[in-house]
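Heads up, the thing below is written out as structure tokens.
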Amino acid sequence: MPSAVEHPWDLSPTEAVKMQRELRDRIVLQPLEMPVRRIAGADISFNMYSDVFFAAIVVLDYTTLEVIESAYFTETVSFPYVPGLLSFREIPTLLKAWQQLKEKPDVTMVDGHGIAHPRRMGIATHFGLATGSPTLGCAKKILSGHFTPPAQEAGSTSPILDKEEVIGYALRSKARTNPLFISPGHLLDLEGALAIARHCLGKYKLPEPTRLAHQMVNAYRREHGAND
DNA sequence: GCGACAG
DNA sequence: ATCTTGTCGC
């Protein structure tokens, strides 16, 4: 098992940017070695204007895309939302849910970007480094880089470019919907991330891991901290 | 200097 | 991110 990177999380935004520059050198982008048996979806939910977070990690069978197990955790967070520093706000809670899983997944799809980030340190990449496991990012909006809209047909893609470098793909998961933005996080490469995202598409716009994690974390929030 | 800006 | 049913359009 690859080494998980350990570091303090109680940082100021300025210190967080410095930390990202240090962590960047530890990113490993390579083809997945082993075939995927289980894939997880990771997501955070909270009530508007509240700092009480709810995290969920949902593990699915890669072949059937059916839920095998899920873990949850809730706590109050203090790091502010700053575009580019999302991982410092959401990962601590996600890690506490992750620790409760009986069996870790082979790869995890995180809500947000992987290397399609100004410093290549999106939440999916950071989560991969923190757990020492393969990850990819699936975001609904672009954060950095440029792309030309994919063709209208479902399954079409176009590269997300930062200068000359390809940092991810815009994927039209369904016809007549805005594209999703897929990028590798850690211990995975560009093509592998795209192949996995496509494999996980079902009847909806969002890939099953992300869609189910979002649905289940919202159910968890509503039956627990109903209010704040 | 100005606009953009994941969740 | 979150509040929310039906409704208009491709």
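Just a few scattered comments:
- Residue within the range A:83-96 that is closer than 16 Å to A:Leu212 by Cα and in contact with a strand residue (DSSP E or B) (Cβ under 7 Å, 6 or more places away or on another chain) present: yes
- Any hit, the range A:15-31, residues being over 17 Å from A:Gly185 (Cα atoms) and in a loop (DSSP other than H, G, I, E, B): no
- Single residue of the range A:133-166 satisfying the filter (under 24 Å from A:Val36 (Cβ atoms) and within 13 Å of DNA strand B (Cβ to nearest atom)) that is surrounded by the most Cβ atoms within 10 Å (Cβ to Cβ): A:Leu136
- Looking only at residues in the range A:43-56 that are near DNA strand B (Cβ under 10 Å from one of its atoms) and closer than 25 Å to A:Leu194 by Cα, the one that is nearest to the chain's Cα centre (by Cα) is A:Asp43.
- Considering residues of the range A:183-228 that are touching a Phe, Trp or Tyr at 6+ places or on another chain (Cβ under 8 Å) and basic (Lys, Arg) only, the residue farthest from DNA strand C (Cβ to nearest atom): A:Arg211
- Output for the range A:201-226, where each listed residue is of a type outside the set (Gly, Ala, Ser), touching an Asp or Glu at 6+ places or on another chain (Cβ under 7 Å) and buried (at least 23 other Cβ atoms within 10 Å of the Cβ): A:Thr210, A:Val217
- Selection count, the range A:163-190, where residues are touching a residue at least 40 places away in the same chain (Cβ under 8 Å) and farther than 17 Å from A:Thr210 by Cα: 7
- At least 2 residues being at pLDDT 95 or above, polar (S, T, N, Q) and more than 17 Å from A:Gly84 (Cβ to Cβ) is the threshold, and among the strands (runs of 3 or more DSSP E) wholly inside the range A:109-214 those reaching it are A:157-162.
- Of residues in the range A:88-122 being without any contact (Cβ under 8 Å) to a residue 40 or more places away in the chain and within 16 Å of DNA strand C (Cβ to nearest atom), the one least open to solvent (accessible area, probe 1.4 Å): A:Gly112
- The lone exception for A:Val77 - which of (1) open to solvent by 70 Å² or more (accessible area, probe 1.4 Å); (2) within 16 Å of DNA strand B (Cβ to nearest atom) it fails: (1)
- Residue within the range A:167-179 that is open to solvent by less than 10 Å² (accessible area, probe 1.4 Å), over 16 Å from A:Phe46 (Cα atoms) and within 13 Å of DNA strand C (Cβ to nearest atom) present: no
- The range A:1-22 - residue that is among the polar types (S, T, N, Q) and open to solvent by 50 Å² or more (accessible area, probe 1.4 Å) and, of those, modelled with the highest pLDDT: A:Thr14
- Only a single item in (1) within 30 Å of A:Leu23 (Cα to Cα); (2) in contact with a helix residue (DSSP H, G or I) (Cβ under 9 Å, 6 or more places away or on another chain); (3) more than 16 Å from DNA strand B (Cβ to nearest atom) is not met by A:Leu180, and it is number (3).
The values are calculated or read from the model by the stated rules, or taken from the named source; none is laboratory data. The structure displayed is predicted, hence computed values, not measured ones. When we count neighbours, we look across all protein chains shown, and the Cβ atoms used for this are built from the backbone with ideal geometry, even at glycine. All accessible areas refer to the heavy atoms of the entire protein, side chains included, with ligands and DNA or RNA removed. Shrake-Rupley method; radii C 1.70, N 1.55, O 1.52, S 1.80 Å.
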